[in-house]
Amino acid sequence: MTAPRVRFAPSPTGHLHIGGARTAIYNWLFARHADGVFVLRIDDTDPERSTLEHTASILASLRWLGLDWNEGPDVGGDYGPYFQSQRLASYSKVAEDLLATDKAYRCYCTAQELEGRREVALAEGRPPGYDRRCRFLSDDDRTEREARGLPSTVRLAAPIEGETVFTDLVRGQITFPNQVLDDYVVLRTDGTPTYNLASVVDDAAMEISHIIRGDDHLSNTPRQIVLFEALGARVPAFAHMPLTWGTDRKRLSKRHGATSVEAYRDMGYLPEALLNYLTLLGWSLDDKTTFFSREELVHHFTLDRVSKNPGIFDPDKLDWMNGSYIRELPVEDLADRLVPFLESAGLIDEAFGRHNRAWLLRLMPLVQERLKTLGEIVELAGFFFLPTVDINPEAATRALSGEQTAAILTAATDALADAEPFDTAVIEERLRALPAKVQAKPKAVFQAIRVAVTGRLVSPPLFETIELLGRQSAQARLEAALRRRGTDS
């Protein structure tokens, strides 16, 4: 059996959408599972909206997810070029061939005429599609219009009777009555191809065997099958996946939060977690297994396990999965991934990360259990990297305004002064003795100390935090909080 050839063909009019990423993942997994070929093609026939910046962003997002392509930009291949903007001549030639064999015809109807007829058809309860008026023009009528230099589009002469039937690899057999297919435009008046022409011509030329895409393209499929047949090309197999919805059961959009892969990368999601999560939005192996490595996904992925129901994108579930992946990282790997976020926030520079590697590795166990995303490191542990702590006003009100606060902070400073060795065990022993010494509740004591040294009510484990900060820094922060209380009072 010939190895399958699949393609992912994004339009570079924006960043890589989460839904588009899932389509790319399914194509990639299908190809890798079957030892096939994954083709990346850039559908950039919209010159006004397509940009090189968006192309670069899409390629970077795919690479970040760990998706490689056998043919495409930066790789090449025997079926290039892999940018549609570089293949325009082929579309014009195919359109001329279709005209020459009477499988297409020139349409001289203006946009205003088409809109007027559409409104009349709707008012009369008739289908609003094109009425095929120019399809049945006489030769003399065509000659007259050409002589007048009227602009024209090229329309496919679609079959009027019968049915177009295909077996969808996800949905089963699907039948479209040909009477509902219109003679759609394949070449615009300016000579540029429409989506269906460019896509079919390229899929045929690149010998794509399977087209795996979202079910929002389902209505395009019978039109494309008719065009494949008009070209005398092999019709690929089709698999239409359900769309990705938000938790409100509506199509995923900006109202649900971030929608691009790039945004999730910048927030600190792990590529392996996002790959795992997006794969499960419409595919499952069984009812038990949730976590898959990349290799396991490749091994198990088949289209017959793709659901017919929409995948629900739940940010909370993604956070849970991402946090689970973070907790499984070796501390060396976690540190490497966190450093760019600390650098971006201005908390460290390259020299700090290089010279304080051992100290950073000691920090990792304190934050690893609490991180849902890498980006949260700035809020969770930023105080470690600052010379002084900026105390949250609400935390100060709740923890540093009591009558016993001064006694607590003074006693804590004294307790740390002669703690030897200055490690977690000794620090804990000294501080746990304070509630009885100052006659305060343990919660009040430890909240005051926590807010004084971290600036917040919630932080990594307190005793380990103080050890990592060091005696001098911890005492300086306790004393600063004591001075602040005196100033506030």
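The values are calculated or read from the model by the stated rules, or taken from the named source; none is laboratory data. Being a predicted model, the structure only gives us computed values, none of them experimental. Ideal geometry is used to build each Cβ from the backbone, glycine not excepted, and the neighbour counts take in all protein chains shown.
Restricted to segment 364-406, and to residues that are of a type in the set (S, T, N, Q) and assigned to a helix (DSSP H, G or I), which residue is nearest to the chain's Cα centre (by Cα)? Give the derivation first.
The initial filter retains those residues of segment 364-406 that are of a type in the set (S, T, N, Q), namely 368, 373, 388, 392, 397, 401, 404-405.
Retained after the next criterion (residues that are assigned to a helix (DSSP H, G or I)): 397, 405.
Details: T397: 41, T405: 48 Å.
This residue is T397.
Exactly one of these conditions fails for R484: (1) crowded, with 16+ Cβ neighbours inside 10 Å; (2) touching a residue at least 40 places away in the same chain (Cβ under 8 Å). Give me its number.
Answer for R484: the failing condition is (1).
Tell me which residues, restricted to segment 221-247, are modelled with pLDDT under 95 and among the polar types (S, T, N, Q).
T244, T247
Quick check on D203: is it acidic (D, E), out of contact with any Ser or Thr (no Cβ under 9 Å at 6 or more places or on another chain) and without any contact (Cβ under 8 Å) to a residue 40 or more places away in the chain? Let's see the steps before the verdict.
On the way: acidic (D, E): yes; out of contact with any Ser or Thr (no Cβ under 9 Å at 6 or more places or on another chain): yes; without any contact (Cβ under 8 Å) to a residue 40 or more places away in the chain: no.
No; evaluated as a whole, the condition is false for this residue.
Considering each of L478, L380, L457, L462 in turn, give the residue that is of a type outside the set (D, E, K, R), under 30 Å from G353 (Cβ atoms), in contact with a helix residue (DSSP H, G or I) (Cβ under 6 Å, 6 or more places away or on another chain) and in the same structural domain as L347 (by TED's automatic domain parsing). I'd like the intermediate steps shown before the answer.
Working: L478 fails: in the same structural domain as L347 (by TED's automatic domain parsing); L457 fails: in the same structural domain as L347 (by TED's automatic domain parsing); L462 fails: in the same structural domain as L347 (by TED's automatic domain parsing).
Among L478, L380, L457, L462, only L380 is of a type outside the set (D, E, K, R), under 30 Å from G353 (Cβ atoms), in contact with a helix residue (DSSP H, G or I) (Cβ under 6 Å, 6 or more places away or on another chain) and in the same structural domain as L347 (by TED's automatic domain parsing).
In segment 248-257, is there at least one residue being at pLDDT below 95, surrounded by 15 or more Cβ atoms within 10 Å (Cβ to Cβ), aliphatic (A, V, I, L, M) and not in a helix (DSSP H, G or I)?
Scanning segment 248-257, I find at least one residue that is at pLDDT below 95, surrounded by 15 or more Cβ atoms within 10 Å (Cβ to Cβ), aliphatic (A, V, I, L, M) and not in a helix (DSSP H, G or I), so the answer is yes.
So which residues in segment 135-154 are in contact with a Phe, Trp or Tyr (Cβ under 6 Å, 6 or more places away or on another chain), under 20 Å from A230 (Cβ atoms) and of a type outside the set (G, A, S), if there are any at all? Reasoning before the result, please.
Within segment 135-154, the subset in contact with a Phe, Trp or Tyr (Cβ under 6 Å, 6 or more places away or on another chain) is 135, 145, 150, 152.
Still in the list and also under 20 Å from A230 (Cβ atoms): 135, 152.
Once the filter is applied, which keeps residues that are in contact with a Phe, Trp or Tyr (Cβ under 6 Å, 6 or more places away or on another chain), under 20 Å from A230 (Cβ atoms) and of a type outside the set (G, A, S), segment 135-154 yields only R135.
So that you can scan it fast, the table gives a plain yes or no per residue for (1) hydrophobic (A, V, I, L, M, F, W, C); (2) in contact with a helix residue (DSSP H, G or I) (Cβ under 7 Å, 6 or more places away or on another chain); (3) more than 30 Å from G149 (Cβ to Cβ):
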| site | (1), (2), (3) |
| --- | --- |
| P81 | no, no, yes |
| A89 | yes, no, no |
| K103 | no, yes, no |
| R118 | no, no, no |
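Condition check: surrounded by 16 or more Cβ atoms within 10 Å (Cβ to Cβ) and either more than 28 Å from the chain's Cα centre (by Cα) or not assigned by TED's automatic domain parsing to the domain that holds K103 (or both). Does T221 satisfy that?
Working: surrounded by 16 or more Cβ atoms within 10 Å (Cβ to Cβ): yes; either more than 28 Å from the chain's Cα centre (by Cα) or not assigned by TED's automatic domain parsing to the domain that holds K103 (or both): no.
No: the conditions fail for T221.
Across segment 27-47, what is the total count of residues that are assigned to a helix (DSSP H, G or I) and either surrounded by fewer than 24 Cβ atoms within 10 Å (Cβ to Cβ) or at pLDDT below 95 (or both)? Steps first, please.
Looking only at segment 27-47, we keep the residues that are assigned to a helix (DSSP H, G or I), and these are 27-33.
Checking the rest, the ones that are also either surrounded by fewer than 24 Cβ atoms within 10 Å (Cβ to Cβ) or at pLDDT below 95 (or both) come to 30, 32-33.
Total meeting the criteria: 3.
Please determine, by comparing only the residues of segment 397-419 that are of a type in the set (D, E) and closer than 18 Å to A476 by Cα, which one is surrounded by the fewest Cβ atoms within 10 Å (Cβ to Cβ).
First pass over segment 397-419, keeping only residues of a type in the set (D, E): 403, 414, 418.
Okay, now just the ones that are also closer than 18 Å to A476 by Cα, so 414, 418.
Numbers: D414: 15, D418: 10.
Of everything passing the filter in segment 397-419, D418 is surrounded by the fewest Cβ atoms within 10 Å (Cβ to Cβ).
Please go through segment 265-291 and pick out each residue that is touching a Ser or Thr at 6+ places or on another chain (Cβ under 8 Å) and under 20 Å from V170 (Cβ atoms).
Hits for segment 265-291 are L280, L281, G282, W283, S284.
Quick one: in segment 58-93, of everything that is in a loop (DSSP other than H, G, I, E, B) and of a type in the set (G, A, S), which residue is nearest to L29 (Cα to Cα)?
First, pick out the residues of segment 58-93 that are in a loop (DSSP other than H, G, I, E, B): 65-70, 73-75, 77-82, 87.
Going one step further and asking which of them are of a type in the set (G, A, S), we end up with 66, 77, 80.
Details: G66: 11, G77: 20, G80: 22 Å.
Looking at the filtered set, the residue picked out is G66.
Out of the residues in segment 296-316 meeting the condition of being acidic (D, E) and free of Cβ contacts under 8 Å to residues at least 40 places away in the same chain, tell me which one is surrounded by the fewest Cβ atoms within 10 Å (Cβ to Cβ). Break it down into steps so the answer makes sense when it comes.
Quick first cut of segment 296-316, residues acidic (D, E) only: 296, 304, 314, 316.
Of the ones still in play, those that are also free of Cβ contacts under 8 Å to residues at least 40 places away in the same chain are 296, 316.
On the way: E296: 13, D316: 9.
Among those that are acidic (D, E) and free of Cβ contacts under 8 Å to residues at least 40 places away in the same chain, it is D316.
Just to check your reading of the model, which residue among D286, D319 is outside any helix (DSSP H, G or I) and free of Cβ contacts under 8 Å to residues at least 60 places away in the same chain? Walk me through it before giving the result.
Working: D319 fails: outside any helix (DSSP H, G or I).
From the options D286, D319, the qualifying one is D286.
Of all residues being of a type in the set (K, R) and in a helix (DSSP H, G or I) in segment 436-484, which is farthest from I377 (Cα to Cα)? Just the residue, please.
Initially, segment 436-484 is screened for residues of a type in the set (K, R), giving 437, 441, 443, 450, 456, 471, 477, 483-484.
Checking which are in a helix (DSSP H, G or I) leaves us with 437, 443, 450, 471, 477, 483-484.
Working: K437: 35, K443: 25, R450: 18, R471: 23, R477: 21, R483: 29, R484: 27 Å.
Per the criteria, the residue is K437.
Do we find a residue being surrounded by fewer than 18 Cβ atoms within 10 Å (Cβ to Cβ), under 42 Å from the mean Cα position of the chain (by Cα), under 21 Å from F383 (Cα atoms) and in contact (Cβ under 8 Å) with a residue 24 or more places away in the chain anywhere in segment 420-435?
yes
In the set A111, A100, which member is exposed (fewer than 13 other Cβ atoms within 10 Å of the Cβ) and more than 17 Å from L231 (Cα to Cα)? Show your work before the answer.
Values: A100 fails: more than 17 Å from L231 (Cα to Cα).
Unique residue meeting the criteria: A111.
Against the definition (part of a helix (DSSP H, G or I) and not assigned by TED's automatic domain parsing to the domain that holds A21), how does E229 come out, yes or no? Steps first, answer last, please.
On the way: part of a helix (DSSP H, G or I): yes; not assigned by TED's automatic domain parsing to the domain that holds A21: yes.
Yes; evaluated as a whole, the condition is true for this residue.
Looking at segment 158-204, which of its residues are surrounded by 15 or more Cβ atoms within 10 Å (Cβ to Cβ) and small (G, A, S)?
Scanning segment 158-204 gives A158, A198, S199, A204.
Being in a loop (DSSP other than H, G, I, E, B) and touching a residue at least 40 places away in the same chain (Cβ under 8 Å) narrows it down to one of T13, T55, T23, so name that one. Spell out the reasoning first.
Values: T55 fails: in a loop (DSSP other than H, G, I, E, B); T23 fails: in a loop (DSSP other than H, G, I, E, B).
After applying the criteria, what remains is T13.
Pairs needed: first member in segment 453-478, more than 17 Å from A417 (Cα to Cα); second member anywhere, buried (at least 18 other Cβ atoms within 10 Å of the Cβ) and among the hydroxyl-bearing types (S, T, Y); C-beta distance under 7 Å; at least 6 residues apart or different chains.
Every condition considered, the pairs that remain are T454/T465; S459/T465.
Conditions tested, residue by residue: (1) without any contact (Cβ under 8 Å) to a residue 12 or more places away in the chain; (2) of a type outside the set (G, A, S).
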| site | (1), (2) |
| --- | --- |
| C134 | no, yes |
| S138 | yes, no |
| E144 | yes, yes |
| F166 | no, yes |
| G172 | yes, no |
| V180 | no, yes |
| Y184 | no, yes |
| N196 | no, yes |
